[in-house]
1. Which of the listed residues, A:Gly431, A:Phe6, A:Ser509, is farthest toward the dipole's positive end in chain A, when Lys, Arg count +1 and Asp, Glu count -1 at the beta-carbon?
2. Just for the stretch A:202-383, what percent of DSSP beta bridges are antiparallel, to the closest 5?
3. Of B:Lys41/B:Lys186; B:Lys183/B:Lys212; A:Lys4/A:Lys185; B:Lys53/B:Lys233; A:Lys47/A:Lys104, which pairs sit farther than 20 Å apart, going by alpha carbon to alpha carbon?
4. Rounded to the nearest 20 debye, what is the charge dipole size of chain A about its Cα centre when +1 sits on each Lys and Arg Cβ and -1 on each Asp and Glu Cβ?
5. Under a cut-off of 27 Å between alpha-carbon atoms, report the lysines in cross-link reach of B:Lys275, not counting same-chain residues fewer than 8 places apart.
6. Run lengths n ≥ 4 of DSSP H only: what is the helix-derived mean residue ellipticity at 222 nm for chain B, with -39500 (n - 2.57) per run over all residues, to the nearest 500?
7. Can you list residues from other chains, or at least 5 along the same chain, whose modelled amide H is less than 5 Å from the amide H of A:Asn545?
8. Could you tell me which of A:Thr393, B:Ala158, B:Gly47 has its Cα farthest along the dipole of the protein assembly as shown towards the positive end, charges placed at Cβ (Lys, Arg +1; Asp, Glu -1), taken about the Cα centre?
Amino acid sequence: MSDKLFNTPQKDVSIVLCGEAGQGIQTLEFFLTRIFKISGYHVYATKEYMSRIRGGSNSTQIRVSSDYVRAPVRRIDIFIPLNTEALKHLERNITPNTVIIGDKEIIKSEYKIYNLPLTRIAAAIGGRIYENMIAVGVLSKLFKVNLQNVEDYLKNYFAVKGSDVVEKNIRAVEEGYNEADRLFKGAEINIMKNPEVRNHILLNGAEAVALGAIAGGCNFISAYPMSPSTGVLVFLSQHSKTFNIIAEQAEDEISAINMALGAWYAGGRALVSTSGGGFSLMTEGLSLAGMTETPLVIHLAQRPGPATGLPTRTEQADLNLALHAGHGEFPRVILTPSTIEDAFYLTQKAFNLADKFQIPVFVLTDQYLIDSYYNIPELKLNQLDIEKYVVKTGRDYKRYLITESGVSPRGIPGYGEGLVVVDSDEHDENGHITENLELRVKMVEKRLRKMELIEKEALPPEIHGEEDYKHLLVGWGSTYHCIIEALKHLNRRDVALLFFKQVYPIHKSASSYLEKAEKIIFIENNATCQFGMLIQQFTGFKPENQILSYNGLPFTVEDLVEKIERIIGGVNES
Amino acid sequence: MKANPFDIENIDIAWCPGCGNYSILKILKDALLELEIKPEKLVIVSGIGQAAKTPHYLKANVFNGLHGRALPAATAIKAVNPSLTVIAESGDGDMYGEGGNHFIHAIRRNPGITNIVHNNMVYGLTKGQASPTSLINFKTPVQVEGVFNEPFNPLSVAIALDASFVARAFAGDYKETKEIIKKALKHKGYALVDIFQPCVTYNKVNTYQWFKENTYYLDETHNVYDRLEAFKKSIETGKYPLGIFYINPNKKTFEENLPPYKNNSIPIIEQEFDKTKLIELVNSKKNS
Ligand SMILES: Cc1ncc(C[n+]2csc(CCOP(=O)(O)OP(=O)(O)O)c2C)c(N)n1
Ligand code: SF4
Ligand SMILES: [Mg+2]
């Protein structure tokens, strides 16, 4: 074997699978990530796909590693194209070191291809649907996965479909195993396994948001399907019976948000999950949340706009939308999960914050985070509490009692002797419509006064790196792991990262980190450096250096390393 | 006059003297009293408009939300706490115009709420433009040559969607309208009560007199369980029928169909969260 991938110790290997929509790339991703994990490998998967059900080119990158891996790389170590177009689709990322495995009867190309006769073998087993399992077999062999483990997993997984299906899938895997032996002459990839990983949880961002919602006491979700936010609605719908969740597919996003507000008003804990276009329709409802001081949690999964944009791609361009949506002035919080763990914890927290301050709280994610998978050691559920702030009302209850903090005790209808009156018109302390302009001023001030407390509870930004940095990278949301891995590659003690998991309100410590830097470099998946502009507004620091990307794809580690070096110079002077 | 527990003292009502809304308010309060509904267990959800101010003028829990959006909020309120009596009340513009899509889908869901629509065939609060139910040739400062769009027929639409209770009433008839509202409130499932309501300021065509002359009551020969017959009645226009057009007593409500209420009827807000189930679900992600 000449390929240096084999037989020498590896730290991490990037596998890319690519084919048409409908060819089962997602199925492959599903089985491979699980099989690698139960074998003790750290695993990460991210997909890029087209907004179509058939045809085109969709790909998944799976990284298999001896340590945590959580970011996309440009590098392809093993490439499995399922057709010729797939090869062309990712041609720019193929290097002389890329091992390409494919069915030469189908793929016509100049590249050196290890011929895996998928079509022929699958036909002998029972049809094209077994092609995926043959590929699983090949990779299992290459990665020294115990065949018995795979077979046990498949037996369990396909049990409901009957023994014939189980047997054929196992046969496909075995055939793949043998093919790998034939093709690579027994050569294998050596990555250290860690038995602890077997007990890790494998989640994607959508599942993490949904689980976080459940942990936050969510018992109502109303949503209208829209990529990439739909996974959250699906997950909560599937577990609605177990957790007593009302999951309703609304007729439109306007209905969804008004339902959610009705649910909170009556004592529920509701979530809406949407993407830019759908959220645009919700903005009047957001303003209603502000005026009626009804709590609300909004999961806003970003995709590239304007309008329909690129429905299945990623971007961080709706920060300004979340920040400015809704007419009038009212407090809000915007949380921006940086990891799958964060997606869980921050969604959980969003419910408590919303209830505590009676405000809308955003969980701002994006397609990249929502669709990516990796293994997580655990979710610390014991420390999480569902904080409820509903009070029992007395006969003279006033929903909008003017208080020092601005927060009025929140009652719900039917709990106590009082009446709970909320109004989208300006209102008096009882909640009844008023045009008394002195009262109007008091109510505006009461609503905005809550911001003081909210700011006190803001999440501080995280700093990564040495204290005496010269260059400070600034990021927010899903770019986290990619920047962290780029930092490792840079291996320079003069570069640090300041990372925000809450972008609004900004924690007041931000300035102290920015002051110390010679160069501040904003890294954002958008074209106008929206967070940089927000930082400038709050701290006065101008976002002079910007690394921006808006091609619908997440950054890759190599991308960032190159772009950061271009700004700070290639040599470590310190 | 006897005091009604739904009365609120010292309120500044924003309606014109003589407006049909006063009668509807009184009828509603009396119907609620007669049904022994407690203000604390009642939620009135409204949108924006003159009609939508109604809940401010009686004792109730109130969710006065956005123009056109009362039905989604009302549906959710009833769903999270089915023990409440929930009314969604607004004007014709609000319910059938801005909220038209929700009207259709609320009927499809069949939540256990009463939908009262003050149908004055005009936009009152915004000073006299045409509403979806304005009749042909109705002139306004905007529809300067008169309305030429086909008037929206809420009853036909509701019956076409197999709404579980469909009625039309007239604000000028205290006795009959109160009976209809009481039946609607007692009905299990979605109940539409479209009420002809004279707007004395902006609708000089469809006056008290006009409504009296151009309506008649469905009599006992009308079979409320016959959907086709009901539909036929609903498209009559020369003289508009009043009364209960249609009832489908066999429909499950939205709430009853929801998974959390499949096995019990405890409001979800009273159900305790079971963390062990969440731990189980998270653990299932180790091996699924
Ligand atoms: C989104 C939105 N658009 C427009 C308005 C302005 N608006 C308030 S009430 C109304 C129409 C009122 O007509 P109707 O619902 O029939 O109630 P009425 O006043 O006749 O009782 C309009 C257009 C609004 N409040 N919100
Ligand atoms: S404008 Fe018409 S509907 Fe509004 S209060 Fe006056 S009379 Fe009644
Ligand atoms: Mg009207």
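Rule-based calculations on the coordinates, nothing more; no lab input. All values reported here derive from a predicted model rather than from experimental measurement. As a convention, Cβ positions derive from the backbone with ideal geometry for all residues, glycine included, and neighbour counts pool all protein chains shown.
1. Most positive-ward Cα: A:Phe6.
2. Working: 3 of 23 bridges.
Restricted to the stretch A:202-383, the bridges split so that about 15 percent are antiparallel.
3. Values: B:Lys41/B:Lys186 14 Å; B:Lys183/B:Lys212 22 Å; A:Lys4/A:Lys185 14 Å; B:Lys53/B:Lys233 31 Å; A:Lys47/A:Lys104 25 Å.
Going by Cα-Cα distance, B:Lys183/B:Lys212; B:Lys53/B:Lys233; A:Lys47/A:Lys104 fall outside the 20 Å limit.
4. About 1120 debye.
5. By straight Cα distance, B:Lys275 reaches A:Lys37, A:Lys241, A:Lys349, A:Lys356, A:Lys380, A:Lys388, A:Lys392, A:Lys501, B:Lys78, B:Lys262, B:Lys285, B:Lys286.
6. -8500 deg cm²/dmol
7. Answer set, sorted by chain and number: A:Ile520, A:Phe522.
8. With unit charges placed on the Cβ atoms, the residue in question is B:Ala158.
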